[in-house]
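Please read the structure below before turning to the comments.
Just so it is clear, none of the values below were taken in a lab; they were calculated from the coordinates. These figures come from a predicted structure and were not determined experimentally. Ideal geometry is used to build each Cβ from the backbone, glycine not excepted, and the neighbour counts take in all protein chains shown.
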Amino acid sequence: MISSDIIRRLQAILPPHCLLIAQEDVKPFETDGLTAFRNTPDVVALPETEGQVKAVIALCRETQTPIVFRGAGTGVSGGALPVDGAVLLAMTKFNRILSIDPLARIARVQPGVRNLAISEAVVPFNLYYAPDPSSQIACTIGGNVAENSGGVHCLKYGLTVHNILSVRVLTIDGEELVIGSEALDAPGYDLLALLTGSEGMLAVTLEITVKLLPKPERTQVVLAAFDEVEKGGSAVGAIISGGVLPAGLEMMDKLAIEAAEAYAHAGYPLDAEAILLVEVDGTQEEVSEDVMRVREILLASGATEIRTAKDDAEQKKFWAGRKAAFPAVGRLAPDYYCMDGTIPRKALPAVLKRMAELSTEYALPVANVFHAGDGNLHPLILYDANQPGEWEKAEHFGADILEMCVAHGGSITGEHGVGIEKISQMCVQFGNAELQAFHGIKACFDPDGLLNPGKAVPTLHRCAEYGAMHVRGGKLPFPELPRF
Amino acid sequence: MQALQERIRTTQSPLRIRAGGTKDFYGQSLAGDILDVSAHRGIVSYEPGELVITAKCGTPLAEIETLLDEHGQMLGFEPPRFGAASTLGGTLACGFSGPRRPYSGSARDFVLGMEILDGTGQHLKFGGQVIKNVAGYDASRLMAGALGTLGVLVQASLKVLPKPQSELTLQFEMDEATALKHMNEWAGRPLPLSASAWQSGVLSVRLSGANTAIMQAHTKLGGEPHLHGAEFWQHLRNHQAAFFADDTPLWRLSLPASAPSLNLSSKQLIHWGGAERWLKTDAAAANIRATVKAHGGHATLFTGGNKSEGVFHPLPAALMKYHARLKKLFDPRGILNRGRLYPDF
């Protein structure tokens, strides 16, 4: 619990409307997009000026009070989950686009600007900001930087780290650092890469300079149906090795197709075991050639049906199902748990097969939505949080999926971050030496461990405990025990 | 690899990491006994359908690019080769990228995973072999451009790209200011641009992609097709062009692409759509740096000249503090490529 002295000092820094203390005011901040984890914060700071942010940080440093940063709270790994005794510092009021330079194709923005708001603001210049996480209508660019967010167009356009030029951050020491520049590189170490995706553990972002890209002249979507998931998987590899770099390449399995169709009426073939959505973009001519090539490859890969969207409306319809997949699957059960593993694409058949077996073992259905182009799986595990033990089962199932991804040479998280959710699986993906290096990096920026403590990187002690109770590739020795 | 680890662990003196030795000219100073990593070579895995290649860092770039080429793929950052012996590790350690960089991304952008030996000989594996991976701090991209001062690069996984169906280079006669304006404006339009450079009154741009798309873009932009476009960019990429030939100090300026003409030297080659400007000049380092800094960029003394004035742009004290801490973390004894990046470490 945060001391009344600190609260008093916060009150001296922040005007009343920028500081939430009452239970009913702080309660909405108890969770982020990963609602299975909740912890009511002691106090929520919503500063409006950089001076206030600096003063809060100085106070926290002096009193050794932890800080958890928060943007829009759409993250799905519990990165913004409040920590006991910490100040929850939300940056959402920093919501101004500071400047747009259409000739240089850059925009300077504050961290609380919504992802989609950037693209909307540069429409007059026929430019856009490429990373498009599905929460883009609400999520903030500051959160995107913290999580190194992706979206459906990563294969061609990269993640946040590839689309920002510079950040101005504040360290716990109260130092302002400008990292990167409006040039394409900066002298010294690539701290921009290090800070992007650092989950609020190293510094707080005050300003971001993003790259803007010209809007493609044309976009076209091809939908293909397959009677076997494996065929869909190999079609993905064939498209890519066939020389086409699609802007988006999405796959859905039968359960996801059924749910999406019932919800969004996208016209998906219900007899298919899997569908692929292939989006190509570029100039008129490039798109025409790519569509032809993609259709040939899909046909050769055994697609049972191939449709090219005949106009914008149909294109939107094809995407509508995919974009609504999460809420659609959400109707199938009271709760769902979204995973975020990545795998080399070639491992897809093996991973899906094992996932089906696990689904039977845990008696929990799973729907698969897959950023197939970049190997990013989003299995949605269906469960009912009101049934005792079901959440724990879902969590175990999820952990097994992530560890399987690692076993196939993949990663426990492609774009959602580690947060609190996957902290134990970090022990599976990395050895002690690497984890120690991560703690070392943390200590370079935050020696007292005040920023978002307990997130993103597990202690070696935790890993030892996790390892002791966990048999890789097999079952838990004591499945009734709660995991850490 | 064990021998390398042993050598690092037991050495009493600084080590100078070296493979092909084609970039000995680069950096502040060459100190220490040579740690030869050239034998640590070979392609570990490559599957065109994954768009990922993994290779040991002593592997010659030529070997990697030949293999990719056989499968219609390429390194999207088009790294320069300053000699036949140029290796993957040296390229990544220097963070060098070629003509395609402003349109496709830099060496660091294509890094997916990196294995290193730190300054205690410890083998660390960061990142991985998948295109999307946000587990843990991005220490692998941190290694790109760190000049081996944070670790000996032993293995890297890179994203690769499909090669464009065809390419066409167009040339236009115009002055520097007009060329800068055009390069920036064109980069903001949906054109299949993949390289651009201006020198001595001639703007050259490369278009890459489907034949029909290139022809259409040619119609839109005009310009004279270059008969030996591939060779032109190759020479620029590898610094074999006549511009680079004499002994005058060569400066590399990294600037916002839209920065105006700087008038720092009469001998200038503008690259990367305006974001990279090469100067041949004897001008004082302080003058160059002050001008470049005023325009939001930084300057590197690439070859020749007086290195005692600093090869790399000095860092603000606050940033240097974090650099020093990271150096101490990965190389506590300060033995790896000591003095190569900054004199202090």
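Kindly express, to the nearest 10 degrees and within the range 0 to 90, the angle between helix B:61-70's C-alpha long axis and the longest C-alpha principal axis of chain B.
Approximately 60 degrees, to the nearest 10.
Could you compute Rg(Cα) / (2.2 N^0.38 Å) for the range B:10-68, with N its residue count? Intermediate values should be presented prior to the final figure.
Values: Rg = 14.7 Å, N = 59, 2.2 N^0.38 = 10.4 Å.
Here the Cα radius of gyration is 1.42 times the empirical estimate.
Can you tell me the 0 to 90 degree angle between the C-alpha axis of helix A:432-445 and the longest principal axis of chain A, rounded to 10?
50 degrees
In the range B:115-137, which residues have a backbone nitrogen under 16 Å from the label point lying 7 Å from A:Ala350's Cα in the Cα-to-Cβ direction?
Counting only backbone N, you get B:129-130.
Mind jotting down a quarter of the surface of the convex hull over the alpha carbons of the range A:182-340, in square nanometres, one decimal? Don't jump to the answer; show the numbers that get you there.
Details: hull surface 51.4 nm².
Average projection, Cα convex hull of the range A:182-340: 12.9 nm².
Students often forget the sequence filter, so: which lysines lie under 30 Å Cα-Cα from A:Lys215 once same-chain residues fewer than 8 apart are removed?
A:Lys93, A:Lys156, A:Lys310, A:Lys316, A:Lys317, A:Lys323, B:Lys132, B:Lys159, B:Lys163, B:Lys181, B:Lys220
Using the Cα centre of the protein assembly as shown as origin and beta-carbon charges of +1 (Lys, Arg) and -1 (Asp, Glu), tell me which of A:Leu98, A:Cys338, A:Trp319 is placed farthest towards the positive end of the dipole.
Of the options given, the answer is A:Leu98.
Would you please calculate the Kirkwood hydrodynamic radius of the range A:130-222 over all C-alpha pairs and express it in Å, rounded to one decimal?
14.1 Å
Multiply the residue separation of B:Ala230 and B:Thr120 by 0.36 nm, subtract the distance between their alpha-carbon atoms, and state the gained length in nm to one decimal.
Value of the extension gain: 35.2 nm.
Which three extents, in whole angstrom, do the alpha-carbon atoms of the range A:343-447 cover along their principal axes, largest first?
Cα spread of the range A:343-447 along its principal axes, largest to smallest: 45, 37, 20 Å.
Cα-Cα pairs above 11 Å in the range A:355-398: how many percent?
Distances greater than 11 Å cover 64 percent of the Cα pairs.
Using a Förster radius of 60 Å, what is the FRET efficiency between B:Thr66 and B:Thr178 based on their Cβ-Cβ separation? Nearest 0.05, please.
Step by step, r from the Cβ atoms, then E = 0.95.
With label points built 7 Å along Cα→Cβ from the Cα atoms of A:Glu24 and B:Ile43, find their separation and express it in nm.
6.7 nm
So if each residue of separation counts as 0.36 nm, and I subtract the Cα-Cα distance between A:Ala138 and A:Arg331, what length gain in nm does that give? Present the calculation step by step, with values, prior to reporting the outcome.
Details: separation 193, 0.36 × 193 = 69.48 nm, distance 2.17 nm.
In short, 67.3 nm is gained.
Once you average over the residues of A:214-222, how many Cβ atoms of partner chains fall within 10 Å of each Cβ?
That average works out to 2.
If you average 1/r across every pair of different Cα atoms in the range A:404-448 and take the reciprocal, what Kirkwood value do you get, in Å? Write out the running numbers ahead of the final one.
Details: mean 1/r = 0.0862 Å⁻¹.
Taking the inverse mean of 1/r over all distinct Cα pairs, the range A:404-448 comes out at 11.6 Å.
Enter the mean number of other protein chain beta carbons within 10 Å of the beta carbon of each residue in B:314-323, as an integer.
Values: counts 2, 4, 5, 1, 6, 9, 1, 5, 13, 5.
Across B:314-323, the average partner-chain Cβ count within 10 Å equals 5.
So how do B:Asp36, A:Asp253 line up by other beta-carbon neighbours within 10 Å, fewest first? Provide the component values of the computation, followed by the final result.
Details: B:Asp36 15, A:Asp253 22.
The fewest-first ordering by Cβ neighbours comes to B:Asp36, A:Asp253.
Which of A:Glu434, B:Glu173, A:Glu421 comes first, and how do the rest follow, when ranked by fewest Cβ neighbours within 10 Å? Don't jump to the answer; show the numbers that get you there.
Working: A:Glu434 20, B:Glu173 12, A:Glu421 28.
Placing the least packed residue first, the sequence is B:Glu173, A:Glu434, A:Glu421.
If you look at just the Cα atoms of the range B:1-103, how large are its Rg and its Dmax in Å?
15.0, 47
For chain B, what are the per-bin percents of Cα-Cα distances with bins 10 Å wide, up to the bin holding the maximum?
Reading upward from the zero bin: 5, 24, 32, 26, 10, 2, 0.
Compute the relative contact order of chain A as a whole-number percentage, counting only Cα pairs closer than 8 Å that sit 6 or more residues apart in sequence.
After rounding, I find 14 percent.
Using a Cα-Cα cut-off of under 17 Å, which lysines could be cross-linked to B:Lys321, ignoring same-chain neighbours fewer than 8 residues away?
Here the lysines satisfying the reach criterion relative to B:Lys321 are A:Lys442.
How high is the relative contact order of the range A:325-484, in percent, counting Cα pairs under 8 Å that sit 6 or more residues apart?
RCO, the range A:325-484: 22 percent.
Can you compute the label reach from A:Thr459? Point 7 Å from Cα along the Cβ direction, backbone N cut-off under 20 Å, restricted to the range B:119-156.
What the label zone holds, given the 20 Å backbone N cut-off, is B:136-137.
What distance in nm lies between label points placed 7 Å from Cα along the C-beta direction at B:Ala294 and A:Arg38?
Each label point lies 7 Å from its Cα, and together they span 6.0 nm.
What fraction, in whole percent, of alpha-carbon pairs in chain A exceed 38 Å separation?
On the way: 31065 of 116886 pairs.
The calculated P(r) of chain A puts 27 percent of pairs beyond 38 Å.
List the extent of the Cα atoms of the protein assembly as shown along each of their three principal axes, largest first, rounded to whole Å.
78, 65, 56
A:Lys422: which aspartates and glutamates have alpha carbons under 17 Å from its alpha carbon, excluding same-chain residues fewer than 8 sequence positions away?
Correct list for A:Lys422: A:Asp32, A:Glu147, A:Glu199, A:Asp340, A:Glu392, A:Glu395, A:Asp400, A:Glu403, A:Glu434, A:Glu465, B:Asp138.
When Cβ neighbours within 10 Å are restricted to other protein chains, what is their mean count per residue of peptide B:39-46?
For peptide B:39-46, the averaged partner shielding equals 0.
Output the 0 to 90 degree angle, nearest 10, between the alpha-carbon long axis of helix B:285-294 and the longest principal axis computed from the alpha carbons of chain B.
That helix lies at roughly 70 degrees to the long axis.
Provide the three semi-axes, in whole Å and in decreasing order, of the ellipsoid equivalent to the range A:224-263 as defined by the square roots of 5 times the Cα gyration tensor eigenvalues.
22, 12, 6
Only sites in a loop by DSSP and with at most 10 other Cβ atoms within 10 Å count here; which GluC sites (Glu not before Pro) in the range A:226-316 make the cut? Could you put the intermediate results ahead of the total?
Numbers: sites: A:Glu228, A:Glu230, A:Glu250, A:Glu258, A:Glu261, A:Glu273, A:Glu279, A:Glu285, A:Glu286, A:Glu289, A:Glu296, A:Glu305, A:Glu314; in loops: A:Glu228, A:Glu273.
Listed in order of number, the matching sites amount to none.
For every helix of n ≥ 4 consecutive DSSP H residues, a contribution of -39,500 (n - 2.57) applies; sum these over chain A, divide by its total residues, and give [θ] at 222 nm rounded to the nearest 500 deg cm²/dmol. Spell out each step's value before the answer.
Details: 18 runs with 175 residues, N = 484.
Taking each H run of at least 4 residues, the total per residue is -10500 deg cm²/dmol.
Among B:Ile43, B:Ile288, what is the fewest-to-most ranking by other Cβ atoms within 10 Å?
Numbers: B:Ile43 15, B:Ile288 23.
So the ranking, lowest neighbour count to highest, is B:Ile43, B:Ile288.
Take A:His17 and A:Ala313, extend 7 Å from each Cα along the Cα→Cβ direction, and tell me the distance between the two endpoints in nm.
4.5 nm
Rg(Cα) of the range A:1-78 divided by 2.2 N^0.38 Å?
1.10
Return the loop-located GluC sites (Glu not before Pro) in the range A:91-195 (DSSP other than H, G, I, E, B) with at most 16 other Cβ atoms within 10 Å of their own Cβ; answer none if there are none. Walk me through the numbers on the way to the answer.
Working: sites: A:Glu120, A:Glu147, A:Glu175, A:Glu176, A:Glu182; in loops: A:Glu175, A:Glu182.
Loop-located and lightly packed - A:Glu175.
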